[in-house]
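Report on the structure given below.
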Amino acid sequence: MDIFKKCFEYTDVKEAIEQGFYPFFIPLTDNEGTEVVYRGHRLIMCGSNNYLGLTTHPKVREAAIQATARYGTSCTGSRFLNGTLEMHEQLEKELAEWVGKDASLVFSTGMQANLGAVSALVGRSDVVILDKDDHASIVDGARLGYGKIERFRHNDMEHLERVMECLPENAGRLIVVDGLFSMGGDLAPLPELVKVAQKFGARLMVDDAHGMGVMGGGRGTAAHFGLTESVDLIMSTFSKSFASLGGFVAGDADVISYIKHHARSLIFSASIPPANTAAALAALDVMRTEPERAQHVNEIAEYMRKGYRSMGFNVGESVTPIIPVIIGDDQKTFAFWKLLFDAGVFVNPVISPAVPPGMQLLRTSYMATHTYEQMDRVLEIFGRIGKEIGVI
Ligand code: PMP
């Protein structure tokens with residue numbers, strides 16, 4: 001059997017492209033933050049993770065340019081060997097201070113941070129316990145570890161307790177959740193999670209890819225709940241509010257040192273390039289000096305939630321700058337996406353199996369740099385199309 005047979009038979013994508021209905025891998029020719037261009041067609045971007053709008057901030061942009069001018073384009077090696085710059089350690093120190101932990105460790109992507117940290121910690125006799133809606137990088141980190149994987153229903157603390165009750169007595173336990181869930185825009189119930197973790201002697205790790213920069217005055221979801229101390233590990237990425245590429249995990253200095261010397265995705269992969277490191281440092285500085293950005297993105301999101309709800313759209317449990325508009329059917333979701341795209345609004349369609357049947361949605365997300373004029377236009381287009389195809 002030719003191992004490529006499945007590839008030759010994989011025609012779904014080709015058909016979708018031919019029908020002009022393929023909403024993924026869209027090659028943009030311009031991206032100025034809140035507006036992007038696809039083949040001369042200008043769209044308002046409501047599908048980006050650039051929550052604070054910092055990809056085009058003059059200080060962030062300039063920092064990346066200066067770092068490239070000084071250090072060149074790459075570190076051409078792993079952090080472990082030749083690829084550590086003083087700038088990486090500076091960033092680790094500033095991040096640890098920002099999130100309120102002893103130490104932090106910077107990886108080349110958020111995906112690698114989760115792969116490395118979770119797999120390093122979860123050994124043969126350990127158990128990692130995941131929310132069913134956890135990000136793929138957490139699930140993959142758990143799979144790479146040698147321990148057992150248990151899952152509980154999304155944000156269901158009773159189910160989590162039942163799962164915890166059945167664990168082997170002497171197993172090391174690590175609960176890992178998203179702080180702010182990337183599809184639903186809802187928060188993990190950290191106060192309850194901390195209680196369950198303490199009751200069952202488990203450690204708690206929060207992936208705050210979407211909450212960092214946005215919640216808790218920018219310091220993340222743990223800070224939002226006043227639980228910085230009780231959350232053992234805080235992980236995040238630079239590919240969203242930090243307007244860069246990379247990721248980190250922060251916690252107790254001994255735990256971070258252990259991860260640093262055991263995470264294969266850190267040791268066997270090249271370090272985050274100078275431009276990205278400098279951009280993340282500059283973004284962190286903007287978070288400290290321009291706290292109004294975090295506030296503004298939440299105000300914009302609240303405006304949009306009210307707008308959608310008043311027209312009769314279902315926006316689920318969102319309380320953050322991620323707002324799902326639930327359509328509930330694959331075909332209608334794609335049709336809605338296409339009409340929005342043609343009318344100049346960029347959003348992301350999410351269909352099953354990424355979400356359960358009946359929960360197919362358009363994932364919309366907002367930025368501190370969006371204007372109310374842009375938002376009114378988006379609402380007007382959503383309302384018109386929603387009526388046209390019978391969603392509202
Ligand atoms: N965790 C979560 C919750 C994410 O949404 C993402 C990215 N979508 C990641 C981790 C991975 O981050 P990165 O893009 O830096 O690899």
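Where a number appears in this text, it was derived from the coordinates with a stated rule and is not lab data. Only a predicted model underlies this, so the values are computations on that prediction, with no experimental measurement involved. So basically every Cβ, Gly included, is an ideal-geometry build from the backbone, and we count neighbours across all protein chains shown.
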Please identify, among Arg293, Arg39, Arg173, the residue showing maximal mean-square fluctuation in a Gaussian network model of the chain using a 10 angstrom Cα cutoff. Arg39
What ranking do His88, His41 get, fewest neighbouring Cβ atoms within 10 angstrom at the top? His41, His88
Filter on Lys240/Lys306; Lys101/Lys260; Lys240/Lys260 - keep pairs with C-alpha separation over 18 Å: Lys240/Lys306; Lys240/Lys260
Taking Cα centroids, how far is region 1-25 from region 350-379 in Å? 26
Using only alpha carbon pairs under 8 Å that are at least six residues apart, calculate the relative contact order of the chain and give it in whole percent. 22
Quick calc: nm separation of the 7 Å Cα→Cβ label points for Val37 and Ile65 -> 1.9
Burial ordering of His159, His154, His261, fewest other beta-carbon atoms within 10 Å first: His261, His159, His154
Calculated FRET efficiency, Glu89 and Leu28, Cβ-Cβ r, R0 30 Å, to nearest 0.05? 0.30
Take the chain, connect every pair of alpha-carbon atoms lying under 10 Å apart with a spring to form a Gaussian network, then pick out the residue of Phe242, Phe313, Phe181 with the largest mean-square fluctuation. Phe313
Could you give the length gained by full extension between Arg143 and Ser74, i.e. 0.36 nm per residue of separation minus their alpha carbon distance, to one decimal place? 21.8 nm
Would you please give the FRET efficiency between Glu15 and Arg384, computed as 1/(1 + (r/R0)^6) with r the Cβ-Cβ distance and R0 = 41 Å, to the nearest 0.05? 0.90
Cα centroid distance between region 224-242 and region 271-308, in Å? 14
Ser310 and Glu292 label points (each 7 Å along its Cα→Cβ direction) are spaced in nm at 2.5
Taking Cα pairs under 8 Å and at least six residues apart, what relative contact order does region 1-139 come out at, in percent? 8
Within-15-Å neighbourhood charge of Ile326 [Cβ basis; K, R +1; D, E -1]: -1
Give me the extension gain from Asp156 to Lys132: residue separation times 0.36 nm, minus the current Cα-Cα distance, reported in nm with one decimal. 7.7 nm
Would you mind ranking Tyr372, Tyr38 by Cβ crowding within 10 Å, fewest neighbours first? Tyr372, Tyr38
Taking θ = phi - 60°, what integer Hz values does the Karplus form 6.51 cos²θ - 1.76 cosθ + 1.60 yield along region 262-273, in sequence order, with x for Gly and Pro? 10, 6, 5, 5, 8, 6, 9, 9, 5, 6, 4, x
Residue-averaged [θ]222 nm for the chain, counting only DSSP H segments that reach four residues, each worth -39500 (n - 2.57): -12500 deg cm²/dmol
Multiply the residue gap between Tyr258 and Glu165 by 0.36 nm, knock off their C-alpha separation, and tell me the result in nm, one decimal place. 30.6 nm
